[in-house]
Amino acid sequence: MRIAFGFLAGLVFGLGLVISGMSDPAKVLNFLDIAGTWDPSLAFVMGGATVTAFLGYRLVWRRPAPAIDARFDLPTNRRIDGRLVGGAALFGIGWGIGGFCPGPAWTALPLFAPGTLVFLPAMLAGLWLGAHGRSLSLPTLKGSVR
């Protein structure tokens, strides 16, 4: 049952991305181009998502446990460190260059746009490196912290 609800939530999320235009990299890049052909319409999408998430969390936190699990699974690490800041910076740079973040990239995959076909494998390689990079003996800069 949990898999079915996960699939349904992903489907609703994906449809929302397609309907809002977030799966069109040109629209995203126009939103990020404040000095040029700025398109503020995605600000309304993000604002609506923020309000929805805020209200949803307020309702969910009133429950003793989630509807389809025994307990809430919350992160315990609240530290802001170099890996977090570096990852956020790489995410933002990739979003600005490619016009995609992971969710919209997956929803644009059926269109077989060349940008999507380059972005997704690069994203998957980056995810793999992020998960396995510490176990590889990669060269580091002198004085860097691992």
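The values are calculated or read from the model by the stated rules, or taken from the named source; none is laboratory data. Just so you know, these numbers come straight off a predicted model, no measurement behind them. Here the Cβ positions follow ideal geometry from the backbone for every residue, glycine too, while neighbour counts run over all protein chains shown.
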Among (1) at pLDDT below 90; (2) in contact with a helix residue (DSSP H, G or I) (Cβ under 9 Å, 6 or more places away or on another chain), the one test that G48 misses
(1)
Is it true that some residue in the stretch 48-56 is surrounded by 11 or more Cβ atoms within 10 Å (Cβ to Cβ), within 23 Å of R2 (Cβ to Cβ) and among the β-branched types (V, I, T)?
yes
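Determine which member of the set G10, G92, G96, G86 is in contact (Cβ under 8 Å) with a residue 12 or more places away in the chain and closer than 26 Å to L127 by Cα. Before you say what the answer is, go through the steps one by one.
Details: G10 fails: in contact (Cβ under 8 Å) with a residue 12 or more places away in the chain; G92 fails: in contact (Cβ under 8 Å) with a residue 12 or more places away in the chain; G86 fails: in contact (Cβ under 8 Å) with a residue 12 or more places away in the chain.
Result of the check over G10, G92, G96, G86: G96.
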Can you name the residue in the stretch 76-120 that is more than 13 Å from the chain's Cα centre (by Cα) and among the hydroxyl-bearing types (S, T, Y) and is also farthest from M22 (Cα to Cα) among such residues?
T76
On the given criteria, is N77 without any contact (Cβ under 8 Å) to a residue 60 or more places away in the chain and over 27 Å from G130 (Cβ atoms)?
no
Exception for A26 within (1) of a type in the set (G, A, S); (2) under 28 Å from I3 (Cβ atoms); (3) surrounded by 10 or more Cβ atoms within 10 Å (Cβ to Cβ) falls at (2)
For D69, state whether it is acidic (D, E) and under 24 Å from V12 (Cα atoms).
yes
Cβ pairs under 8 Å, 6+ apart or interchain, first in the stretch 31-45 and on the phi > 0 side of the Ramachandran plot, second hydrophobic (A, V, I, L, M, F, W, C) and at pLDDT 90 or above, ordered by first then second residue, are none
Condition first: within 28 Å of L120 (Cα to Cα) and among the polar types (S, T, N, Q). Can you find one or more residues in the stretch 58-76 that meet it?
no
Condition test on A108, is it in contact with a helix residue (DSSP H, G or I) (Cβ under 7 Å, 6 or more places away or on another chain), in a helix (DSSP H, G or I) and at pLDDT below 90?
yes
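When the stretch 50-75 is examined, which residues are found to be part of a loop (DSSP other than H, G, I, E, B) and under 20 Å from the mean Cα position of the chain (by Cα)? Steps first, please.
Filtering the stretch 50-75 for residues part of a loop (DSSP other than H, G, I, E, B) gives 61-75.
Those that are part of a loop (DSSP other than H, G, I, E, B) and under 20 Å from the mean Cα position of the chain (by Cα): D73, L74, P75.
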Name the residue, out of G115, G86, G82, G98, that is loosely packed, with under 10 Cβ neighbours inside 10 Å, farther than 29 Å from A4 by Cα and at pLDDT below 90.
G82
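The rows are residues; the columns are (1) within 20 Å of A113 (Cα to Cα); (2) part of a helix (DSSP H, G or I).
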| site | (1), (2) |
| --- | --- |
| L17 | yes, yes |
| K27 | yes, yes |
| T37 | no, no |
| G48 | no, yes |
